[in-house]
Structures are given as C-alpha cells and as structure tokens.
C-alpha cells in the first residue's frame, strides 16, 4: 500500500488531482476555494479575507480552513460519497458531492449539488454573492411625490388650485342654488367648523 | 373633513410601507451580538515591544483566539470542529500560532496578526497516546523545529511550512509517554514515560535527525500513577498508585535512579492519598491532599522539603522564565472576598516578586487557572500581569492590583434559556437612566427629519445613528407596551445564571448557584433545566417572579437531583434543596396555585412522579387533575417509547405525600435491527393557536387542523445509517417518521423516506411538523412538511349546521375519541446543513409563521412557512394563487435578505429560541452558541406599529402647517366675502 500511496502522491503533485490515498488508513481530499476578485465588492463592505472561510465535510464531521492560496485538504477520509460545504459570509456556495473510490483512488468525481454540474477538478467558486441588506433608494423627486406625504401635498394642491377654477366655471345661478341647498341641509361647511365660523350662519 | 381623511390615509399608507428586511444602517437597532470563546484551557502571551500586545488562548469549546491584552477584545477567533479538540498551542518564530488538535492528528499554523491559516499538516501514528507539543530551539536547515509526540510517534515539523522533517515510532506496546523534554542549550530531546506502569523508560533522541542516542529503563516495585511534575530538565516527580509515596526519578546522563519518599515523612498527619498537580517549575512541585495544597522543594541530591501548606483554595500557574535562568511562577489563593496573587521565584520561596490582593466578585467562584506574563518596568524591575480563569469560566486580566478587564465567557456554554417579564413601571419611580425632555425629543425628531429629507450633514447622520442605537427607551428596566423589553435568563454549564436585558444585551445580574457548587455530597453537579416557577399576574403582582433550576449530582440519570429557586429580578437564591430522588424528566404542568407557582412534576429514574411545590394546596389542585396527567419517555438506545399515567401514592415511602407511582399505559417497541431513534420533537407548551380551521379558498372548503398538545414526532433511521454522511449507500439506509399520540400511544402517521439518513432537525408547531434530513440518492439535504387535519370534524363546514347548532365543535376533543386524521406531506431540496431549527411564535398566533434555520455557516435564515405547504403544485389555479399558494419548485429558495443575522455569524450555533412579544406582529429571536444574538423579527412585517423611521416631527409639523393654512385661508375667505358683500 505504501509505495502505491507514494505513487499517487506523485501523480497528485503533477496533475493536481483532487483525491489521493493518504499514508494513513483513509484517503485525502484536496481542493481549492476561489473567490473571484471584484465579486461582492459592491454594496457593502465584505470581510474579503479568506481567513474566515470554513470548509465543512459531511455537515460538520471535519471543519478546516483555507491556506493563503485558497487550498484546503481533508485527511483520513474513508471511501464513499461525501459532501463538502463552504461557509463564507457574503457568498453563496453550492455544496459539492465528492466520490472517493477505494478501487480507483486517482479518479475525480465531484459535482455541485445545486445545479448538478460536474467538476473536473475540485475548485469551488461561489455561485453568487449574497447581499444581506436592502439597498436604500437614492433620493429622487418621484419618490417624494409617490410617498404618502407627496400624495397628500398633491391632493392639497389640487384642492387649493383646481377647485376654485371649477367653482369659477360653474354657472352662478347653479352655484347659488347649491349653496342654498347645502345650508338647508345643514351640512357644516369647512368654515363653520372653525371657531367663530359657526356664528356667521 | 378632507384633512382628517388625508391624515388617516397617510397613516395607513405609512404603516404599509414595506420593511422587507434590514437596511444596513438599521444594524444594531433592535439586534445585538456578543462574542465569546469559552473556558480557557491554555494561554500564551505575545508581548514583544513591537506590535500590539496580545494573548493567544485555546478553550474547552475548541476555540483558538487571540485577545487584545489591553481591553480583552477578540482580534481573531477560529472555532474548530466539534471533535477537533485542541491539545496544545504555542507561538513559533514570533509570528505563527501553532496548534495541535484532534488527539494529535492535526497540526496547524496560523498567522498571528490576522488569523489566516498558513499551513496544515496531518500526523499519523501507530497507536493512540497522549499528545504533547514542544517548541524547540533546534534549527535544521534554517527551519525552526517543533517536536510533537502523538499517537505513539515522535515528529519533528518545520515551523515554516509544516513539513515533517523526521519521525520516530515508539511502538512498545504498553509505553505511555509522559513528557518530551529538551534540556536548555542541547540539541537532543528526552522522551520519558512508563511501560506497563511499573517501568520507567527514557529515550534520548537527537533532535536534528531523530536518531536514537540512548535508551534506558528501570523497573519499580510498585506502580506509577498517571501524572508527573518536572522539577529540572533531568528530574521528574511522580506518585505511586497508592498516592502515599513520592517518587523522584532522575535520569541525569542516562543513569536512571528512582528515589522513594513516603509522604508521611514530609507531612505529619497526612490524612489520605495525594494527587500531584502537573507542573514544570525548577526545583518545586505541588501535591494536593484532600483540600490542602502542599508545596515541596527539591534540594540538592534528592532531599525534599515542605515549604508551605495552604489550606485555602489555591491555583498554581506554570513557570515563566525570566532572564539569567531564573524562573517565576504565580499562585492565587482565596481569602474571604479577596484573592491573593503571589509571584515567587522558583528557587527562593521566601522572596516574593509580587504580592497583590484583589477584591473579587463572589459570583465568579474559585480561581481555576492562572497564567502570568512579565514586563520590564521603567525602573528596570519586573512587573507581572496575570490572566486568571474562574470557576464560572470567566477570564480576567490582573495588573497592578486591579482587574484590567474581564470577559464573561461562561455565556459561551448556555444549557437552557427562559424569559422573564420586567417590573411594571410605577408612578413616581423613574427607572430610566436618562429621561428625555420634550425639547430633546423634538430636537431628535428634527434631526431625523433632516435625515429623511437628505439635508443632514455627516455629523448629523452620525448623531442620528448614535441616538438610534443608544435610545434609552430600549434598555429601560421596566415593562413596555410592546413587550420587547424582557429578561433573558440563561443557565450555563458552569452552573451560573445570567439575566440579560433584551434591549442591549447587558448583564443585569449573574449568580453562581451555590446549590450547583461542587461539594462532598455532590461531586459533579450539572444544571439540567430552567423553567419559570412563579409568574405573578394579577393577585400576586407585588411578588417578584422566580425561576426554577433543576440539576443533578452527576452525569448519570440516577444521580440525585437538586432544585434551586431564583428571584428573576435580583438573582437572589430564594431557596434550594437536595432531593432524595433522581431527576430524569421535568414536566411543567399547566396549573398554578394561588400564589401563581407553577406545579411541576419531576419523574425519577424509577418512574416515580414527584410533585413540586410541596404544599397541601398543590396536592389538592393535583388531585383534581389526577386523571388528566400523562407523560411519555423515550429510550433511544433500546428504541422504546412508553406512555405513562398516574396510579397512586408511592408504596414504599409512606410519609412522602408528594410521590406518586406511575402506571405504564402503552409502549411502542421499534425493531432494533432496522430502526434507531435519532430525533423526537413535540409542540411548544405555550404556543398560541389562533384558529383551528383552515379555509381552502380554491374549493370553498374548510379543513380542521388536528391541534393536539399530545403529539410526538419521532424520526428513526437504519442503524447502519446513524453515522456520518458517506458511510452508507442509499440502498441500505432509510428514514422513518412517526406521529404518535402520547396519551394513547396511537401511531397517527408513519412514513418512510428510502435512501435518506440523518441527522434530523425538526420543529413541531400547530398541526404541522417540518424536518430536515439528508437524501442520499440525490445527495442533497431535503426538508419535508407533514400537516395533519382532523377529518371527524370535517362535516362542520355547513354554515346552516353551525347556525342551527348541529355541530360537534363544542364537544370536547379527546385523544381517546376515534381519530380520523388526514395527513398531507411534501418534500423539497434545501441547500445547507442545519444546526438548529425553530419557528416564530407570536402572542395570539395570528401572524403567519416563518421557520428560523440555523445553517452550517452559523447564520439564521428565515423562511416563510408558505414555502413548506403540502398544497403547493406546479401550476396552482387562479383561486389557489389568490390564496397565496406558491408554485411548486424542487428546492427551497435562499434569499440573502432573509438572513436575520445579516452579515453576522453566531459561531458554534446550538439553539434558537423564539419568544412572543406583546405586539402580535413581532417575535423575539435569541440564538445562542458560542456567540449570542438577539433580534426582533416580524414574520409578516410590522403591520401593527409604525416603523422606526416614521417621523413624528414631520407629521406634527405638517398638521401645524395645515391648521395654519386653514386659518389663513379662512381669514382670506372671510375678507373676500366681506368685500363681496360691500360690493
């Protein structure tokens, strides 16, 4: 087993395959997390550092961190199908299914579980960046107009400027009749609501 | 008229403005986040002249962190996996932190300034052994070398890149290596240990190439006990297995000599076997006999001398090398309310370098560990700072006789949490620290107004932000109308209770429970459970509420129980008692006595039920409800679920009126070869359900929810599949879920998910249960929902029947009635692993629910329950769409804005607790793990209150302006009318 292991280690070094048989009782999974520069820089300040990125095997069985170049490795992994998750604030990573085969240790079998895309080598990239905050709309006239305050103002303007126009356009006869009708029905006018206004009627 | 309408309209509009999630400037408004590290195991100082002074610590919660020595803040922190226990830490080359973890299998180096991992190497060995880390000053090809003994193999690893330079096996069957020692100035290491626990073995290894230079062994007539103390680079002190004879083992120049000294020769009236406290102080070691700490000096050729016997609790720190080969060590002794910190030179017991007395908070308990570090004062003498770890897991830095800073790291290990209401505000008593006057209030609102109109200068914005965060309103010590202000009472693993204010997370009081204190009778006390004991409402409002802490003396379930009653407002221990029975289960009953004390039933390991409080009144209440009390037990190792009811008074104990025998009503035995219980979940006791009926608009139908408090959700997996993911193929694994009525033992629903396995996280609410598991076939996580409806009441949908009264809605619902239930279920893919799951709870249960999921990345994600609705279909009809049914998708969406923890990680997340506020729209969410996080969360937005950025001032100003405008126009119209009349 030992010489074979060494052989595969050599293979690993030359072609950067992701799975090799380790010197211990299991295999090791080696991979890399790549966070593209520029992604996620808009909007809010990101931690940006790779030091807080965790790589998690099988829902917490093993947790490891990234080296400065983004590489990570899990040692002593039994053969089987495993799940690797990447926890990084600000990015959405798809979990990755990794098959470690006992018979064929050099073979790479990795696929993103979210979109079932196969990976030829274990390089994990975020599917998208995550924006945790709502973006405040910048100040604009339309917003003010559309806001309740704006609508209210608009309504007031209509009342102040358009209503007199309408009243002016009315026939004076009709107007008087309407006013009389109002008075007889006792509908309080705006003026009568105010102090001193009532005394006039 | 129009104006009032307008104002009303305006208000309505305003309250409907969407507040879907958080804006960045709202962070800290209702949420707070606290970071902890846990109980410190080991600390290494880094206090070079350049750079900031810091201390590197490893803790019992597998955390590696560096702390600022000035303020105690965390510079960086890494939480290793739960089985990646840290064995040792050290600093290499002045820039790397080296950690050995996972029983000596993983060696990592972290960059000291920023915590970036530099390298990681995995060490293997032939057998399991102690793990030792030794920083050497040996240099091989310009590489500094760290020597590690782990798993029966000695490794030399380069500090630069983690490459293993050489290794050497110690395969002798029974060899237990105790120490790896490098004598100063040499380039070889000693590996010493015991073989077959009666033979001392010494290996001398060349540190540059791993070559074995010398191997000697010496037999001893007795047996060695485990621990050793190093008293010089070539002398060890050990005890024999009886603990009565001290063994001084010297291996100078390869010659081993074992010298025996009975302890009774040194200490007259030594009452019992001694324990050695492992240390490595030159010429001095410490033993402990019962509670007495004895310091013994090694003089010259094998002479031992007792220098001091300390009767007080004493903690001894490890040696610190001063210049010119001197060593200093610290010891901390308790004396009443004070602690005495003494720093002594190893070779000169009488000469104290430092003697300080510090007043210590009694609620911190005993000093468990002490680490010292020295600095050179301006006058050239040595100054010392000491880092001490207390019994409550807190960490304190002492310097110049004062506590420079302290960290409440006990909060990293919360066992249970409950909430308590704050006192009601009484007239005339001002409890707020700062009461704002009207002018300041208006000024604040004017500033806010400026903010909304985008007229504010940067200073104004800063002032607004400060005002919002520091609002005295939220941290008052009284009840508020919305029920946002509460006390979170948390029980920690150290046996300490903390009360945290929900407004700002500050500690209102903390108390180390005396009843959970280690004592003769109770060697390993642990807290189990925390529940509200007395919640005064109407007639007992003058009394303070209290909580009940249940604990037991030891980890096994038949250890005797402990009860303690604590005042929620002051933290005073009202009373406590040692029980004469064990505690296996704590059942709060839904009954209270006349002083509003809640009745609790404690089930012991022999299935007897004990009633508390032990008052005649409680008995009489209990008698009335005697036949209505049922409970169940789950024995997960045997796969048996049993249901019980009360039978009679205990037979054996005649005088114990409060003890009752149980009778077994039913039992469900799961086949152990095919099913293993991995999760059980019930509904929350105090959950409010608003309506029992669910209207199905699509076909004008009504479904009745099967809302029973006695439902139990059980998940089992194939025994083979109970391990980790990847250990089993889909064909040989399955997950079975059950819904069981715990009164009758009737299985209401059973479902098998083939090719699936745990871990299962589940939450039960109203008539539905949502659970999360792993689907091996798709190799993705899945979440399923089961909804359960009552079919027997389905006939009641006819309105006429309701009107005439021919319905069975008022008939009591009983578990014994014929149950006709219908279940609906649906499954969806979900991306992440989960650590915890909870559901929002509101005061009346009207607000729609959201699931709160603690993801593997230690964030809390909110997901609308509508996404987990078994009625979802690919193409919902128009009516269904109107009802709010979302078209079916194969996976659940993850919307970044619905992370309620936004860009914060709640490291080591273990639990999520939701508490209803008085305001129906809002639920209070508390997530705990290593970190604590608290926030307000409105599952359907805050429909019943104004949003925080609602500007009162703007409204007032508008109203004033309008009134003025009306007045002016009225005057104008008056004048115009007058003019018209004159014309």
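The values are calculated or read from the model by the stated rules, or taken from the named source; none is laboratory data. Keep in mind the model is a prediction, meaning the values are calculated, not measured. Cβ: placed from backbone, ideal geometry, glycine included. Neighbour counts: every protein chain shown.
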Matching option when the condition is modelled with pLDDT under 85 and over 27 Å from the mean Cα position of the chain (by Cα), among A:73, A:51, A:14: A:14
Failed item in (1) closer than 30 Å to residue B:782 by Cβ; (2) surrounded by fewer than 19 Cβ atoms within 10 Å (Cβ to Cβ), with residue B:899 passing the rest: (2)
Matching residues in segment B:590-608 - criterion: being closer than 19 Å to residue B:647 by Cα, at pLDDT below 90 and either within 30 Å of the chain's Cα centre (by Cα) or not in a strand (DSSP E or B) (or both): B:604, B:605, B:606, B:607
Residue, nearest to the chain's Cα centre (by Cα), within segment A:81-96, restricted to residues that are assigned to a strand (DSSP E or B), at the interface with chain B (Cβ under 9 Å from one of its Cβ atoms) and buried (at least 22 other Cβ atoms within 10 Å of the Cβ): A:86
Matching residues in segment B:484-523 - criterion: being outside any loop (DSSP other than H, G, I, E, B) and at pLDDT below 90: B:514, B:515, B:516
Of all residues in segment B:98-107 being within 26 Å of the chain's Cα centre (by Cα) and assigned to a strand (DSSP E or B), the one that is farthest from the other protein chains (Cβ to nearest Cβ): B:100
Scope segment B:42-83; condition at pLDDT below 90 and within 14 Å of chain A (Cβ to nearest Cβ); matching residues: B:81, B:82, B:83
Pairs with Cβ under 6 Å, 6+ apart, first in segment B:115-142 and away from chain A (no Cβ under 14 Å) and farther than 13 Å from residue B:153 by Cα, second assigned to a strand (DSSP E or B) and at pLDDT 80 or above: B:134/B:147; B:134/B:180; B:135/B:90; B:135/B:146; B:136/B:145; B:136/B:147; B:138/B:145; B:140/B:165
The one condition in (1) surrounded by fewer than 21 Cβ atoms within 10 Å (Cβ to Cβ); (2) within 11 Å of chain A (Cβ to nearest Cβ) that residue B:110 fails to fulfil: (1)
Selected residue (only one of B:749, B:772 is in contact (Cβ under 8 Å) with a residue 40 or more places away in the chain, assigned to a strand (DSSP E or B) and within 14 Å of another protein chain (Cβ to nearest Cβ)): B:772
Of all residues making up segment A:97-121, the number that are more than 7 Å from chain B (Cβ to nearest Cβ), without any contact (Cβ under 8 Å) to a residue 60 or more places away in the chain and crowded, with 18+ Cβ neighbours inside 10 Å: 1
2 or more residues at pLDDT 85 or above: qualifying strands (runs of 3 or more DSSP E) within segment B:132-245: B:143-150, B:153-158, B:164-169, B:175-181, B:188-195, B:199-206, B:212-219, B:224-232, B:235-240
Residue that is farthest from residue B:368 (Cα to Cα) [pool: residues in segment B:248-279 that are crowded, with 19+ Cβ neighbours inside 10 Å and under 36 Å from the mean Cα position of the chain (by Cα)]: B:274
Flag for residue B:726 being farther than 23 Å from residue A:83 by Cβ and part of a loop (DSSP other than H, G, I, E, B): no
Residue match in segment B:776-785 (condition: closer than 25 Å to residue A:113 by Cα, touching a strand residue (DSSP E or B) at 6+ places or on another chain (Cβ under 7 Å) and free of Cβ contacts under 8 Å to residues at least 40 places away in the same chain): yes
Residues satisfying the stated conditions in segment B:625-684, i.e. more than 36 Å from the chain's Cα centre (by Cα) and in a strand (DSSP E or B): B:647, B:648, B:649, B:663, B:665
Residue in segment B:937-955 that is more than 13 Å from chain A (Cβ to nearest Cβ), in contact (Cβ under 8 Å) with a residue 40 or more places away in the chain and assigned to a strand (DSSP E or B) present: yes
